[in-house]
Amino acid sequence: MNRLDLNRVLDWVPQGSSVLDLGCGDGAFLQRLCSERGVTGVGVEIDADNLICAVQKGLDVIQEDINDGLQCFPAQRFDLVILTHALQELTHPHIALRRMVQIGKEAIVSFPNFGHWFCRMHLGFKGRMPMSRVMPRNWYDTPNIHFCTVRDFEALCSELDIDIIERATVAGPAQSWLGKLWPNLFATSAVYRICQSGQ
Amino acid sequence: MVTPQVAHFTDPFTFSNGATLDQHTLIYETYGELNAAGTNAVLICHALSGSHHAAGVHNEAEQRPGWWDLAIGPGKPIDTDRLFVVSSNNLGGCDGSTGPTTPMPGSNTPWGSQFPQPQVRDWVRSQKLLAEYLGISRWAAVIGGSLGGMQALQWAVDFPDWVEHCVALASAPGLTAQNIAFNEIARHAILSDPDFRGGEYLAQSALPARGVALARMVGHLTYMSADGMSDRFGRELREESFSPDGNQERVFQVESYLRHQGDRFSTRFDANTYVLMTRALDLFDLSEGYPDLATALSKATANFLLLSFSSDWRFAPQRSIEIRDALMATGKPVTYANINTDNGHDGFLLPDPTYERLLSEWMQRVGPSS
């Protein structure tokens, strides 16, 4: 899967910053941040095989379940906390978001937009939960338990007193301008730079 | 094949409690070659009942290789093709270093109960003397499990410039009340054995074998997990305990195993040493002299690897997590994983694919890059 959201995240990561990558997987993206952005990175990963791959890349990784509240990281410990395409897999996305903007001076979150026209059409016409190349799993065995739309996410941010610093959208090549204009309908993924209100 | 070596130190060594040895001896083994720049030296610290014999065999007749042969050797996680590994018997031990079983200066009488109480930080200082003796001025890594992990952590705090990488497996920043209680039961078993003779059994040609065996049985129990024991022994009976006439006592496999462990240990391990080692465990407190653990660890400059084992209830994962969080709070580089296993506290000594792969991959960052 071509993860265009990651390019956007990379653009937003300041040179030499300290980064916490939540759900870092095999560490490929964190390694990219280290080499291309010179960051000092720590990964959090729950899966042992993924963790070993990340360790193999020379990264520091903590085996931890994000759902357990990320208590091990003190406030303001990182310049940036990143969560890419994992928000929808969390048990309590709102608790994780609140924690992210505490641990990091800023956070970057990307997620697939469930408000995309394809999802709406699929649900509207077929009457069944959308499945696609990006969402290949059936509703009952998917790790994606908390899908949201662009508008849902922004509403949650405002509820949690989280400021949106910047928003970017990822859309198909023919629809990139539509994605910018009507993100909730045309963005396949959304990427947000956020921070705690009043920071 | 490996041959133990002996280092003799003629300068006085003073313990934390003020007691002094005018001179002392450490027995140790090394595996691999020290490179010209001295940048590939790794120290292995042993646990409660360990010794300098961490890897390989002393002769072809030896049935069991060293206690951590799983991890140390050519192509193994602690790769002796690349690294120079040093493993010594701790001061106060009973495998050849100066301790309760060796004679007091100017006499033939063994130290017995008179041997000074060592603490973890004393061992660290004595290991530093050994390093200097071997021409090593910095460890590429200090590695240990359980009590060995405590030494590795103490090294990182006491001599930060010496420790580039620190590996603490199934370890803890200090003992819990439950840990101390189990140690006390073990000591009580030894001290109440009539053959203990106030610790002077060697001078009186006695051996508190029953006390040591019982101490080991209790200790060994805490190294295993309930699930691991169920898998391994269940309610199986020893075959010879099925007797047609029903007169013979029925012996469960787990009983037989514990008895065997106790008996074997009681002839191998010195009672006074066991008392000293368990006491050193009780006394260990990594944050001693500091306001808290994080402040203590803030002195360290090492890169850390902490591993816990999911079914370990002696030093439960939470204890490693305490160390991890203290390191994280002070911004130290640390990798942590909780290995999913039924092996309990013994997990760091036993084969497990995830554990071995992880240790092996992490160790790639130790030593000069090829």
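No value in this document is a laboratory result; all are computed from the given coordinates. Note that this is a predicted model, so its numbers are computed, not measured. Positions of Cβ are backbone-derived with ideal geometry, glycine not excepted, and every protein chain shown enters the neighbour counts.
Spin-label pair B:A37-B:L237: with each label point 7 Å from Cα along the Cα-Cβ axis, the two points sit 6.5 nm from one another. Taking each residue as 0.36 nm, the span from A:D65 to A:S35 lengthens on full extension beyond its C-alpha to C-alpha distance by 8.2 nm. Backbone geometry of the stretch A:59-76 corresponds, through the Karplus equation with coefficients 6.51, -1.76 and 1.60 at θ = phi - 60°, to 3J(HN,Hα) couplings of 8, 8, 10, 10, 7, 7, 8, 3, 5, 7, x, 6, 5, 6, 9, x, 4, 6 Hz, x marking Gly and Pro. The stretch B:282-297 and the stretch A:63-112 have Cα centres spaced 30 Å apart.
Cβ-Cβ distance of B:D161 and B:E62, R₀ of 60 Å, FRET efficiency by 1/(1 + (r/R0)^6): the value works out to about 0.95. When you filter the chymotrypsin sites (Phe, Trp or Tyr not before Pro) in the stretch A:79-141 for DSSP loop state and at most 11 other Cβ atoms inside 10 Å of their Cβ, nothing is left. Using the Cβ of B:G32 as centre and a radius below 15 Å, the other residues enclosed give a net charge of -3, where K and R count +1 and D and E count -1. Only aspartates and glutamates eight or more places from B:K76 in sequence, or on another chain, were considered; those with a Cα closer than 16 Å are B:E33, B:D352, B:E356, B:E361. Please report, to one decimal in angstroms, the Kirkwood hydrodynamic radius of the protein assembly as shown built from all distinct Cα-Cα pairs. About 26.4 Å, per the Kirkwood formula over Cα pairs. Adding -39500 (n - 2.57) for every DSSP H run of four residues or longer, then dividing by how many residues chain B holds, sets the calculated 222 nm ellipticity at -10000 deg cm²/dmol.
Projecting the Cα atoms of B:T273, B:Q248, B:S192 onto the charge dipole of the stretch B:180-279 (Cβ charges, centred on the Cα centre) puts B:T273 farthest toward the positive pole.
Return the loop-located trypsin sites (Lys or Arg not before Pro) in the stretch A:1-86 (DSSP other than H, G, I, E, B) with at most 13 other Cβ atoms within 10 Å of their own Cβ; answer none if there are none. Passing sites in the stretch A:1-86 do not exist. Across all Cα atoms of chain B, the radius of gyration (one decimal) and Dmax (whole number) stand at 20.6, 71 Å.
A straight chain from B:K299 to B:Q204 at 0.36 nm per residue would run longer than the Cα-Cα distance by 29.5 nm. Each 5 Å bin from zero up to the one holding the largest Cα-Cα distance in the stretch B:180-279 carries the following percent of pairs: 2, 13, 20, 19, 15, 13, 10, 6, 2, 0. Exposure proxy ranking for A:L80, B:L349, based on other Cβ atoms within 10 angstrom of each Cβ and starting from the fewest, stands as B:L349, A:L80. With r defined as the distance between the Cβ atoms of A:R128 and B:T10 and R0 fixed at 60 Å, what FRET efficiency is calculated, to the nearest 0.05? Step by step, r from the Cβ atoms, then E = 0.10. The distance from the alpha carbon centre of the stretch B:350-370 to that of the stretch B:18-75 is 18 Å, rounded to a whole number.
Cut-off is 10 Å between beta-carbons; in what order do B:S205, B:S230, B:S97 appear when sorted fewest neighbours first?
B:S205, B:S230, B:S97
Summary of the geometry: the stretch A:122-199 and the stretch B:133-198, compared by the centres of their Cα atoms, lie 51 Å apart. Estimated from helical segments only, the mean residue ellipticity of chain A at 222 nm is -8500 deg cm²/dmol, where each DSSP H run of four or more residues counts as -39500 (n - 2.57). Between A:R98 and A:T142, the FRET efficiency from the beta-carbon distance, with R0 = 30 Å, is close to 0.75.
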